[in-house]
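This report concerns only the one structure given below.
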Amino acid sequence: MPCTIKNPANIDLSVLEPHVQGMYDYFDHKLSFKKPPTMIFGSDPSNQSSVLGKTAYYDPTSLEIHIYSDGRHPKDMLRSIAHELIHHQQNLEGRLDVGGYSGPGYYLENDKLRVIEHEAMLEGNKLLREYEDTIKKESKDMSLKEWKNNELNQLIMKKFGILKESQELDELSNNKNHHNAHRGNNQQGRLREDEEVAEEDKKPMEKDTDDEVPAFLKEGDKFIINKNLSETIQKALKIAKGK
């Protein structure tokens, strides 16, 4: 279940919001929240000017996470949200209200609250880092997969002559455009080039060597062929049968 996001500060959340929801989903998967919190992005210029001002806070009554958004880096706001999400879980588990002093400097004065804060700092940063590295790994794996698929496409097209035919069609098209511009002067030249193309078609197709095969395609490796590769294979087989 996604969390509700409110934006009274009216800041641009187009890039940040997907990560807010994605990070919340990751935390929820790890912690199993009984109820989702509400994220509120607020603005307080006077707080922004304070070096030791507030960055965020959690309201255990309304289950709201308030984020001060003025002049902040998106990742810094994610860090604040991660911290407050741990307080949200502590609240849902009935562990947040430990009593005692909770005013300025409570971290030094209230041992029980110090334990609560230490857990939020440790677990919040840890889960945020896990979420971040998960996203980066998925992005890297996807880029590698796309590269492999492109290499396989090229290999299949070359194997069945599709790549060569495509290149020849491009050359014919370029030649045609060139000759049409000089139609009255080079009819003989065009016929001669057509004959050269016909001679080229008679040449046997070069066989692939082991050196031309990418390492990831050699025996022993396994990977997933996506829809585009499947279509390429089917096209190659149809052309091969028609020859």
Could you tell me which of the pairs K54/K75; K54/K137; K6/K35 are separated by over 27 angstrom between their Cα atoms in the structure shown? K54/K137
Quick check: from the Cα gyration tensor, does the range 4-137 come out rounded (a/c under 1.5), prolate or oblate? oblate
Neighbour-count ranking for D25, D111 (other C-beta within 10 angstrom, fewest to most) reads D111, D25
What distance in nm lies between label points placed 7 Å from Cα along the C-beta direction at D133 and D59? 3.6
Given contacts defined as C-alpha pairs under 8 Å and at least six residues apart, what's the relative contact order of the range 4-137, whole-number percent? 22
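Sorting E84, E119, E138 on the 10 Å Cβ count, fewest up front, what's the list? Mind dumping the intermediate values first?
Values: E84 23, E119 15, E138 10.
With the sparsest Cβ surroundings first, the list reads E138, E119, E84.
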Fewest-first ranking of M23, M1, M121, using other Cβ atoms within 10 Å as the exposure measure: M1, M121, M23
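For the range 53-108, which chymotrypsin sites (Phe, Trp or Tyr not before Pro) pass both filters: DSSP loop (anything but H, G, I, E, B) and at most 13 other C-beta atoms within 10 Å?
Numbers: sites: Y57, Y58, Y68, Y101, Y106, Y107; in loops: Y101.
Listed in order of number, the matching sites are Y101.
Read the figures in this text as sums done on the coordinates, not as results from a lab. These numbers come from a predicted model, not from an experiment. Cβ: placed from backbone, ideal geometry, glycine included. Neighbour counts: every protein chain shown.
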